[in-house]
1. From the list Val10, Val93, which one is closer than 23 Å to Pro239 by Cβ, among the β-branched types (Val, Ile, Thr) and within 16 Å of ligand 2 (Cβ to nearest atom)?
2. Just one of Val275, Val280 is surrounded by 23 or more Cβ atoms within 10 Å (Cβ to Cβ), more than 14 Å from the chain's Cα centre (by Cα) and not aromatic (Phe, Trp, Tyr); which is it?
3. Tell me the residue from Thr103, Thr94 that is open to solvent by 10 Å² or more (accessible area, probe 1.4 Å), within 30 Å of His158 (Cα to Cα), over 20 Å from the mean Cα position of the chain (by Cα) and in contact (Cβ under 8 Å) with a residue 12 or more places away in the chain, please.
4. With the condition kept exactly as written, say whether any residue in region 114-127 is open to solvent by 10 Å² or more (accessible area, probe 1.4 Å), in contact with a Gly (Cβ under 8 Å, 6 or more places away or on another chain), under 24 Å from Gly243 (Cβ atoms) and part of a loop (DSSP other than H, G, I, E, B).
5. Which one of these is acidic (Asp, Glu), within 13 Å of ligand 2 (Cβ to nearest atom) and in contact (Cβ under 8 Å) with a residue 24 or more places away in the chain: Asp229, Asp200, Asp252?
6. Kindly provide the set of residues from region 40-82 that are within 16 Å of ligand 2 (Cβ to nearest atom), buried (at least 22 other Cβ atoms within 10 Å of the Cβ) and not hydroxyl-bearing (Ser, Thr, Tyr), ordered by number.
7. Hand me the list of strands (runs of 3 or more DSSP E) wholly inside region 1-84 holding 3 or more residues that are of a type in the set (A, V, I, L, M, F, W, C) and either within 17 Å of Asp229 (Cβ to Cβ) or in contact with a Gly (Cβ under 9 Å, 6 or more places away or on another chain) (or both).
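The values are calculated or read from the model by the stated rules, or taken from the named source; none is laboratory data. Keep in mind that what you see is a predicted model, and the values were worked out from it rather than measured. Every residue, glycine among them, receives a Cβ derived from its backbone with ideal geometry; neighbour counts consider all protein chains shown. Accessible surface areas use protein heavy atoms only, side chains included; no ligands, DNA or RNA. Shrake-Rupley method; radii C 1.70, N 1.55, O 1.52, S 1.80 Å.
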Amino acid sequence: MRDIIYINEVGLRDGLQNQPNPVSTESKLKMAAALVAAGVRQFEAVSFVHPKLVPQMADAVDVLAGLREFNQLNIAALVPNMKGYERAREQGVTSIGVVLASTDTFNQRNLNMTLAQTRETCQQVIAQARADGVFVRAYISGAIACPYDGKTPVDVVHKLTADMIQAGAHEISIADTIGAGNPQQISDILRPLVQQFGADRFNLHLHDTRGLALAMAWAGVMEGVRRFDSSIGGLGGCPFAPGASGNVATEDLVYMLEESGFDTGIDINALRDAVQVAEVATGQHLGGRILKWMQSQAIRAAQKREACV
Ligand code: COA
Ligand code: ZN
């Protein structure tokens, strides 16, 4: 049997939060439908943040309501504080993400709190979530570099990870928010953590700013990680992290993993349709690096079919 790798689609949240043009709830749900048709079952679909700061997430309640129409999905919401947590719980959310960035500056710009304040907020939210039986994943954001203060020491990532695990987070997402890392750094961060806490506790959240996200994902696989975030078409970027580009594209990640013998449960060909839906939704040209090749294969197959008729 092939080893399973869990893909968490973050295009609806991380991918859309920074889009210049509004994306309607209906378009978001069409994106979700195309992804579900391709076999995607796990989404970080919304965030409960201040709607004035991130208008693209203002329809979180409606998006969640629409997603309830699909069966057997694992839907998570990002919450920055207790107010966000309460808003999420009002909608029956049972899986949340909290965010702890690696520096004071990044926490300030992102959440208007110092690192210490954000850590305390995360601890409070996690405690409440644990009491409510809600699954918590904690992002360690800017784990490779802070968009404002530069490189993040590995020790800092290890300390913040330990803090969040001690607080009760079920899963830790090591996030290269601005896509500044390399595969060796991923191994250096993960190896001691995996030894101490087990690979199952970790997820990688990678942005592809410098074209190394797939190589970094593979380094994660080699360290035993089986949980990855990705974004359809490589959508993404953070309004509070200058220089952040899109997440690793779901189609690139799925292609690499399936070709390497892992089972993602996702149909790579159906992801092509999902990219198209995302392009219509955002009015942007999208697509990971594998897409051109896939398109050329599809054209070739169609030509062959015509030749046979
Ligand atoms: N959702 C909606 N409104 C919120 C909120 C939340 N999660 N948290 C606070 N607010 C409201 C308060 O109710 C208050 O409203 P009022 O002025 O009508 O009374 C107002 O925001 C200010 O509250 P405060 O606690 O001082 O928040 P803040 O101004 O320090 O902002 C955040 C803190 C976290 C809400 C804000 O920085 C934010 O939404 N950041 C989002 C960043 C983001 O999405 N980053 C990308 C993903 S990591
Ligand atoms: Zn991100």
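1. Every option except Val10 fails the conditions.
2. That would be Val275, the only listed residue that is surrounded by 23 or more Cβ atoms within 10 Å (Cβ to Cβ), more than 14 Å from the chain's Cα centre (by Cα) and not aromatic (Phe, Trp, Tyr).
3. When all the criteria are applied, what remains is Thr103.
4. No, there is no match, as no residue in region 114-127 is open to solvent by 10 Å² or more (accessible area, probe 1.4 Å), in contact with a Gly (Cβ under 8 Å, 6 or more places away or on another chain), under 24 Å from Gly243 (Cβ atoms) and part of a loop (DSSP other than H, G, I, E, B).
5. Sole residue among the options that is acidic (Asp, Glu), within 13 Å of ligand 2 (Cβ to nearest atom) and in contact (Cβ under 8 Å) with a residue 24 or more places away in the chain: Asp229.
6. Once the filter is applied, which keeps residues that are within 16 Å of ligand 2 (Cβ to nearest atom), buried (at least 22 other Cβ atoms within 10 Å of the Cβ) and not hydroxyl-bearing (Ser, Thr, Tyr), region 40-82 yields Phe43, Glu44, Ala45, Val46, Val49, Gln56, Ala76, Ala77, Leu78, Val79, Pro80.
7. 42-47, 74-78
A quick yes/no check of all residues on (1) over 13 Å from the mean Cα position of the chain (by Cα); (2) away from ligand 1 (no atom under 16 Å from the Cβ); (3) open to solvent by 50 Å² or more (accessible area, probe 1.4 Å):
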{"site": "Asp176", "(1), (2), (3)": "no, no, no"}
{"site": "Val194", "(1), (2), (3)": "yes, yes, no"}
{"site": "Asp200", "(1), (2), (3)": "yes, yes, yes"}
{"site": "Leu204", "(1), (2), (3)": "no, yes, no"}
{"site": "Arg210", "(1), (2), (3)": "yes, yes, yes"}
